[in-house]
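Reviewing the structure listed below.
The values are calculated or read from the model by the stated rules, or taken from the named source; none is laboratory data. Just so it is clear, the model here is predicted, and its values are computed rather than measured. Here the Cβ positions follow ideal geometry from the backbone for every residue, glycine too, while neighbour counts run over all protein chains shown. Areas reflect the complete protein model, heavy atoms only, side chains present, ligands, DNA and RNA absent. Shrake-Rupley method; radii C 1.70, N 1.55, O 1.52, S 1.80 Å.
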Amino acid sequence: MLEATDITVTYAGLIAVAGVSIEVKAGEIVCVAGANGAGKSSLLKAIAGMEKAKSGTVRFNGEDLAGVPAHLITARGIAYVPENRRLFPRLSVRDNLRLGSYIYRAKEDREAPLDMVFQLFPRLAERLDQRANTLSGGEQQMLAIGRALMTRPRLLMLDEPSQGIMPKLVDEIFQAVTTIRDTGMTILIVEQRLTECLEISDRAYVLQTGRVTMSGPAEEIRANPDVRRAYLGL
Amino acid sequence: MTAAIVIQSLASGLLMGLLYGLIAVGLALIFGLMDVTNFAHGEFLMFAMYVTFFCFSFFAIDPLLASPIVAAALFVFGAVVYLGIVRFAMRARTNVGMVQIFATFGLAIVMRGLAQLLFTPDYRSIPHTWLGGKTVSMFGIYLPAPQLAGGAVSILAFAVLYVLIKKTDFGKALEATREDAGAVALVGIDKNKVFALGWGLGSALVGLAGAIMASFFYIYPDVGASFALIAYVTVALGGFGSVFGAFAGGIVVGLVEAMTAMVLPPSLKSVGIYAVYLLVVFFRPRGLFGSI
Ligand SMILES: Nc1ncnc2c1ncn2[C@@H]1O[C@H](COP(=O)(O)OP(=O)(O)O)[C@@H](O)[C@H]1O
Ligand SMILES: [Mg+2]
């Protein structure tokens, strides 16, 4: 479904992502794990068209995304939930969700995914008239995922959904990710929390200072002695 | 001074204030949307007044009838100014603020120069309009019909704007872009399109004001300058970027101006506005209705 090949992202000469290639197949949950500063967010931004890659190609369902502006990448079926969530802070939960279905504004059933969103995150249904910036960190993450789902993506990209969230909600969000996959969506998730991420994903890539140092099925990565020592503290 | 005279001048001040609001709202809209101050706003007004004048002199279209045409023309003009100039000014790598100021300021100078060249510095006016010279009397006060129509057009325009912003998808896209222009792509919105439409809408509103103004003000290349100054004060009073603050700010400016004219000689009629402006800046810098 998604093939990102040889992606390089630089910021004023500083290399953040150095020739990374990843692949996500339809129906998979793929995790890109790595420490702070490894280049995870830069990789997602390059795929989403929010940051221009210096080199490399991104193909989505066989189509080259080179030069496609970010808003059209969303329209083609890639939803991206960035690490700082980027909600519309002074708009209500309702308006944030409704804006998620903006591309379907001419359609009768524009709010069709709303049922699923409320099933996943019942708290959102209770807070429809609240401003987005009055929600807790976890609720904001739920809203960001909900808004992304309203764009009816085929691929959902999540940047550290567990960041800045109380532990109880972290489980809820990871649980939601698997539920979303079970509806037939494909998921690319980027995380520092390797353990939880490997638990829900099918395959994983480990990113270190801009390079892929390891990749394979999630169980294999979990069993790898280097990973156990470096990341899992075992 | 009798009560009747006071009420009479407050009523005219109110009507003028409604127009000030309509003149200023485009400035507030664009500022709120993208933090860009259009220093050519007064020249947009001047341009709209000339378009109205030529509609009358070439095609004998009454200003009231021409107002939608002028608004449409200014809509296109505003969108083109964004797409052709402002968009590029915003891409500056360093000192974006300065580049934006000079871009719109430069546009103002060019527009004024072109107006001098093409239309001559002569003062023009539209000699006879449908409403010209007519007055309406209500409760013992007399109001000139063109100003009354202007006030009505302003209220109507603000009502339509309210519905557009609060009830339509375009309005939500506008609010979202205003909140975080970098994030609207996440929901499939093209921010450049919203910016262009925002410039179009803001310009159409000043176009509407220009059409009304042309029916009772002289039209000349520098006419925008003094009204632009009032528009900046109106926007500051209303709260920078607040569309409905501009409405209220305009009314305050109109009323204060009318009250000043009652007690001070005509040459000092602007003193009151600037005094209120200074008070607001000192004690409530975000404006009377600003929500920052
Ligand atoms: N906008 C930016 N400007 C300059 N450097 C950046 C920018 N964004 C990220 N970087 C740098 O690029 C590297 C990778 O960052 P990032 O992709 O955010 O990593 P991660 O998401 O894995 O923490 C870091 O060294 C970071 O400091
Ligand atoms: Mg990151």
Checked against (1) hydrophobic (A, V, I, L, M, F, W, C); (2) more than 16 Å from ligand 1 (Cβ to nearest atom); (3) closer than 29 Å to A:G39 by Cβ; (4) open to solvent by less than 10 Å² (accessible area, probe 1.4 Å), A:M166 satisfies every condition except (4)
- Task: Would you be able to say whether some residue in the stretch B:243-262 is modelled with pLDDT under 90 and within 17 Å of the chain's Cα centre (by Cα)?
- Result: yes
In the set A:I180, A:I189, the lone residue that is within 16 Å of ligand 1 (Cβ to nearest atom) and modelled with pLDDT of 95 or more is A:I189
Inside the stretch A:18-45, the number of residues satisfying the requirement of being farther than 20 Å from A:S215 by Cα and either away from ligand 1 (no atom under 14 Å from the Cβ) or away from chain B (no Cβ under 14 Å) (or both) is 0
Check your understanding: For A:E51, are the conditions met, namely being within 13 Å of ligand 2 (Cβ to nearest atom) and acidic (D, E)?
Key -> yes
Subset of the stretch A:116-142, residues under 18 Å from A:V81 (Cβ atoms) and within 12 Å of another protein chain (Cβ to nearest Cβ), comes to A:A132, A:N133
Those residues of the stretch A:75-107 which are open to solvent by 50 Å² or more (accessible area, probe 1.4 Å), over 18 Å from the mean Cα position of the chain (by Cα) and either within 19 Å of A:V9 (Cα to Cα) or more than 7 Å from chain B (Cβ to nearest Cβ) (or both) amount to A:R94, A:A106, A:K107
**Prompt:** For A:P113, are the conditions met, namely being within 14 Å of another protein chain (Cβ to nearest Cβ), under 30 Å from B:G32 (Cβ atoms) and either surrounded by fewer than 17 Cβ atoms within 10 Å (Cβ to Cβ) or not aliphatic (A, V, I, L, M) (or both)?
**Reply:** no
Does the stretch A:34-47 include one or more residues that are in contact with an Asp or Glu (Cβ under 7 Å, 6 or more places away or on another chain) and away from ligand 2 (no atom under 16 Å from the Cβ)? no
Those helices (runs of 4 or more DSSP H) completely within the stretch A:119-184 that have 1 or more residues that are touching a residue at least 60 places away in the same chain (Cβ under 8 Å) are A:137-150, A:167-182
Of A:A26, A:A12, A:A18, the only residue that is free of Cβ contacts under 8 Å to residues at least 12 places away in the same chain and more than 13 Å from ligand 2 (Cβ to nearest atom) is A:A12
Given the conditions (1) at negative phi; (2) open to solvent by less than 60 Å² (accessible area, probe 1.4 Å); (3) within 16 Å of ligand 1 (Cβ to nearest atom), every one holds for A:G56 apart from (1)
Hey, does the stretch A:63-74 have a residue that's within 14 Å of ligand 2 (Cβ to nearest atom) and either away from chain B (no Cβ under 14 Å) or free of Cβ contacts under 8 Å to residues at least 24 places away in the same chain (or both)?
no
Listed by first then second residue, the pairs whose first member lies in the stretch B:119-135 and is in contact (Cβ under 8 Å) with a residue 12 or more places away in the chain and of a type outside the set (S, T, Y), whose partner is open to solvent by 60 Å² or more (accessible area, probe 1.4 Å) and assigned to a loop (DSSP other than H, G, I, E, B), with beta carbons under 9 Å and at least 6 positions apart or on separate chains, are B:P121/B:D222; B:R124/B:Y218
Apart from one, (1) within 21 Å of A:S92 (Cβ to Cβ); (2) at pLDDT below 95 all hold for A:I173; the odd one out is (1)
